[in-house]
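The values are calculated or read from the model by the stated rules, or taken from the named source; none is laboratory data. Note that this is a predicted model, so its numbers are computed, not measured. FYI the Cβ positions are ideal-geometry reconstructions off the backbone, even for glycines, and counts take in every protein chain you see. Accessible surface areas use protein heavy atoms only, side chains included; no ligands, DNA or RNA. Shrake-Rupley method; radii C 1.70, N 1.55, O 1.52, S 1.80 Å.
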Amino acid sequence: MIWKKLHKNHTIVTDIRTYAKNGNLVWVRVFAHPIWDFQNNKLTGIYGGVKDITENKLAENALAISETRLRTLVLTIPDLIWLKDTNGIYLSCNTIFERFFGAREIDIIGKKDYDFVNRELADFFRENDSKVMATGGL
């Protein structure tokens, strides 16, 4: 008789919010993996486990709240705000910046100044970006 475990991608994983024995509300990650008798095409058992992930979920929630607050601030502040990588490629920007370039953020991300303004102005922006990066400042 040939006993094999199903391939890894057949493992079932789910997060559940439940109550611990002490009455506290907790998050747990439950995983279960079937053990299969392929010769007889029969499920013969399941192995699995449960892990308390409450701290992870609380941290994820706190991070999501923080990111939402920051994003709201960036989008509503009445100044030009943008984020570029070290190659001058736009990663993000606010609504005021969208108006400045006459494009939506989705159309700005992944592009450079040269895609929006004349070469002289783009060179000026890039030079200033380089100076800021060299000093490590903003």
Subset of segment 69-96 that is more than 18 Å from the chain's Cα centre (by Cα) and within 20 Å of Gly136 (Cβ to Cβ) - its residue that is least open to solvent (accessible area, probe 1.4 Å): Gly88
Filter result for Asp107 (more than 30 Å from Thr11 (Cα to Cα), of a type in the set (Asp, Glu) and surrounded by 14 or more Cβ atoms within 10 Å (Cβ to Cβ)): yes
Residue in segment 31-47 that is touching a Phe, Trp or Tyr at 6+ places or on another chain (Cβ under 8 Å) and within 30 Å of Arg119 (Cβ to Cβ) present: no
